[in-house]
1. Any residue in the range B:251-262 that is within 18 Å of the chain's Cα centre (by Cα), within 13 Å of chain A (Cβ to nearest Cβ), modelled with pLDDT of 90 or more and buried (at least 17 other Cβ atoms within 10 Å of the Cβ)?
2. Give the range B:133-146 a look and list any residue that's surrounded by 24 or more Cβ atoms within 10 Å (Cβ to Cβ) and assigned to a helix (DSSP H, G or I), or say none.
3. Restricting attention to helices (runs of 4 or more DSSP H) lying wholly within the range B:161-252, give those where 1 or more residues are at positive phi.
4. How many of the residues making up the range B:18-40 are over 26 Å from residue A:75 (Cβ atoms) and surrounded by fewer than 16 Cβ atoms within 10 Å (Cβ to Cβ)?
5. Out of all the residues in the range B:170-180, is one or more under 30 Å from residue B:336 (Cβ atoms) and under 18 Å from the mean Cα position of the chain (by Cα)?
6. Given B:152, B:130, B:123, B:175, which one is under 22 Å from residue B:261 (Cβ atoms), touching a residue at least 60 places away in the same chain (Cβ under 8 Å) and either at the interface with another protein chain (Cβ under 9 Å from one of its Cβ atoms) or surrounded by fewer than 22 Cβ atoms within 10 Å (Cβ to Cβ) (or both)?
7. Taking residue A:90, is it at pLDDT 85 or above and surrounded by 13 or more Cβ atoms within 10 Å (Cβ to Cβ)?
8. Got at least one residue in the range B:105-113 being touching a strand residue (DSSP E or B) at 6+ places or on another chain (Cβ under 7 Å), in a helix (DSSP H, G or I), at pLDDT 95 or above and surrounded by 20 or more Cβ atoms within 10 Å (Cβ to Cβ)?
């Protein structure tokens, strides 16, 4: 074996064996269960600790963490509602803007129609002014 | 000779550990921006596009993972996804989920998707004064973005997901770790997923790498810029975000344990999530060297969505955004996709 091929030998072996060990460990249900148990155990310890704190603070008539969390949740719910109201207002604004634009468009359209009609009427008048007066309508009774 | 080299390497790793422990963590998220929406702990950050390039017609909404800080998309100048896209002419909106506290412990997936994200996207469309948005999701954020596009498609004009798992039975080591978990016992009602358990869990995904990486730290310590870059990456790995227990229980159960998302077996507040219904152009980007979201877990989205294409990059889970491949390969790829798919 050359010096070059030996380079990094035992460190590489350590890396490989650790990787292999880890692969085996993950295949072992007991190992993975251990990770889950650690999480569950931690949650349980924390819960017991908080229960104890809660009782102590309750006896001392002091606000506990649970009270603060409860208040924060209420504030959070209120914020949700406010955001919803804000969203609805924004949507209403968008709709109003659209309606305003449509109403303006309609007014412009009708004004344009009115102008055209007036022009036609004026042209008609001009034509009528240039002609001899029409004969008076005959009596229907004859 | 080999043993001496090994000893030298061990010594470098040791020195790297000292350097990592003693080096200050650089500031992150420094690209100038404006906050345009806040709701609960969520904040939407707006990064205006550069006026020097032709403007893209629709804004880009970035949805990061819930377990990372949103500044992973704005690590430092030159390696910032938000800045990279803004320089390419896109108005960028970053959805920063924020850090939940105990009062948020019962916020489920439905709340995050149908309340927080939905309101944010409506607000963004109004702020940008555009009829819709391009949606981009990274990692778990990509999975959520795809679910959102299926559930509330009205404002979504295109979707790009990066390293977003959808076939969770192919979820690699992370799946092996969380699949047997009793989620009800591990994350009981009223609790958050503790960050102090998250970091070791991620280290366990690559136990060798979590030691040998200090060799790179030692090497970087000879150059100020390189050290800064390495420490920024360390911040990414160090600073996880707690997740609400309700979210974690629902997400892990439907994904890593039952793997029902692709088959349409997940109901969010009574609505079935059917990814096949996504009717906009979709680009699925997977990374070949990704052990958090392996290629086999990411690629199937491109098979079920009618207008989807798959792009495989030769990088890892983090390097794709902040490595050299980010500005050189990935940002232009996003730019091209969003411009092509703009109506």
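The values are calculated or read from the model by the stated rules, or taken from the named source; none is laboratory data. Predicted model only: the values in this text are computed from it and were never measured. Quick reminder, even Gly has a Cβ in these numbers, built from the backbone with ideal geometry, and neighbours come from all protein chains shown.
1. There is at least one residue in the range B:251-262 that is within 18 Å of the chain's Cα centre (by Cα), within 13 Å of chain A (Cβ to nearest Cβ), modelled with pLDDT of 90 or more and buried (at least 17 other Cβ atoms within 10 Å of the Cβ).
2. Hits for the range B:133-146 are B:141, B:142, B:143, B:144, B:145, B:146.
3. Once the helices (runs of 4 or more DSSP H) in the range B:161-252 are filtered for at least 1 residues that are at positive phi, what remains is B:172-178.
4. Summing the residues that are over 26 Å from residue A:75 (Cβ atoms) and surrounded by fewer than 16 Cβ atoms within 10 Å (Cβ to Cβ) in the range B:18-40 gives 8.
5. For the range B:170-180, residues under 30 Å from residue B:336 (Cβ atoms) and under 18 Å from the mean Cα position of the chain (by Cα): present.
6. Answer to the check: B:175.
7. yes
8. Within the range B:105-113, one or more residues are touching a strand residue (DSSP E or B) at 6+ places or on another chain (Cβ under 7 Å), in a helix (DSSP H, G or I), at pLDDT 95 or above and surrounded by 20 or more Cβ atoms within 10 Å (Cβ to Cβ).
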